[in-house]
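What follows is one structure encoded as structure tokens, with my remarks underneath.
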2 protein chains.
Amino acid sequence: MGETNGNGTALRELSQDECLRLISPGGVGRVAFNGSHGPTILPVNYQVAGGAIVFRTRAGGAMDDDLRTGIENLEIKIAFEVDEIDENRREGWSVLVQGPIHHVTDDELAGLTGLQVEPWAGGTREQYVRITPQRITGRRIQSL
Amino acid sequence: MGETNGNGTALRELSQDECLRLISPGGVGRVAFNGSHGPTILPVNYQVAGGAIVFRTRAGGAMDDDLRTGIENLEIKIAFEVDEIDENRREGWSVLVQGPIHHVTDDELAGLTGLQVEPWAGGTREQYVRITPQRITGRRIQSL
């Protein structure tokens, strides 16, 4: 379904398949959750593996600690977003994944084929986490 | 303050002044808030004006409607993030602004010098909003 904005751009909702295709190469995404100072956004390097969004929390100060504490204490639902936007051409797409976040256990990690398991730095402070998508939505904005 | 991760990168917290300098040119940022389907992230075109983050909500489907409804019904606190990340070099920076979001009134709009006021498309569906920063944090990751 398309919608024309009148300012020279058209907005189109993306199907779930299109969204999955766009985010499947992995790269940089942004995760949002409720931290100790309110809503928080953190950029992360992610991969898609086993139908889930997988990334590492890294030793990186208060924001990361917030996320880790949240995951350890309760099952929290978070948002994960990937986009590719050309500011000059006013074109691009964004995909939003919403769902619960969990620690990835060592057994699960072994089963995630294709995951680039880099050496963990800092010992216990590195942890893989996984977002199980409950809702995947996206949209594309194109110049007319 | 620097921290070495051991995986070839160093992380440094940025001062508030550095953060403000990095985000001052405007461009594409991401806003996070609690929508009707849980935490939500939405890319927006923003500018910095009068010490605030200013952007338009645009006619763009459920996510935007969520944000607009939130702003109209209560004073919500949101997160706003800008980053510039080089995936290949594993370097970059991110800035996080947290604070309440408000509608910008016509009088306020007139007082925001330097704001690029483009023609509003779609009549009543376009609205300028403003985030008043309560907390500005950021960090830079550099290869060693």
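Distances between equivalent label points of B:Thr105 across the copies, with each point positioned 7 Å along Cα→Cβ, amount to 5.8 nm, shortest listed first. Across the range A:13-23, coupling constants 3J(HN,Hα) worked out from phi with the 6.51/-1.76/1.60 Karplus curve, θ = phi - 60°, read 6, 9, 6, 4, 5, 4, 4, 4, 5, 5, 8 Hz, and Gly and Pro carry x. What the phi angles of the range B:134-144 give under the Karplus curve with 6.51, -1.76 and 1.60, with θ = phi - 60°, is a coupling list of 9, 8, 10, 10, x, 7, 10, 10, 10, 6, 8 Hz, glycine and proline written as x. Using a probe of 1.4 Å, the accessible surface attributed to A:Lys77 totals some 90 Å² when neighbouring protein chains are kept in position.
Look at the stretch A:88-99: the mean tally of other chain Cβ atoms within 10 Å of its residues' Cβ atoms is 2. The stretch between A:Asp65 and A:Arg89, if pulled fully straight at 0.36 nm per residue, gains 4.9 nm over its current Cα-Cα span. In chain A, the beta carbon lying closest to the axis that superposes A onto B belongs to the residue given here with its whole-angstrom distance, A:Ala32, 2.
What total accessible surface area, summed over both chains, is buried at the interface between chains A and B, computed with a 1.4 Å probe and given in Å² to the nearest 100? Can you show the working numbers first?
Details: alone 8700 and 8720 Å², together 13670 Å².
Roughly 3700 Å².
In nanometres and ascending order, the distances from the B:Gly51 label point to those of the other copies are 5.1 (point 7 Å from Cα along Cα→Cβ). A 1.4 Å probe, protein heavy atoms only, puts the accessible area of B:Ile141 near 40 Å². With the label put 7 angstrom out from Cα along the Cα-to-Cβ vector, B:Asp86 ends up 2.3 nm from the copy partners, going from closest to farthest.
From largest accessible area down, sort B:Thr137, A:Thr40; use a 1.4 Å probe on the protein chains.
Sorted descending by solvent-accessible area, the residues read B:Thr137, A:Thr40.
The values are calculated or read from the model by the stated rules, or taken from the named source; none is laboratory data. Quick caveat: nothing in here was measured; it's all calculated off a predicted structure. Here the Cβ is made from the backbone with ideal geometry for all residues, glycine too, and neighbour counts use every protein chain on show. Heavy atoms of the whole protein, side chains included, go into the accessibility calculation; ligands, DNA and RNA do not. Shrake-Rupley method; radii C 1.70, N 1.55, O 1.52, S 1.80 Å.
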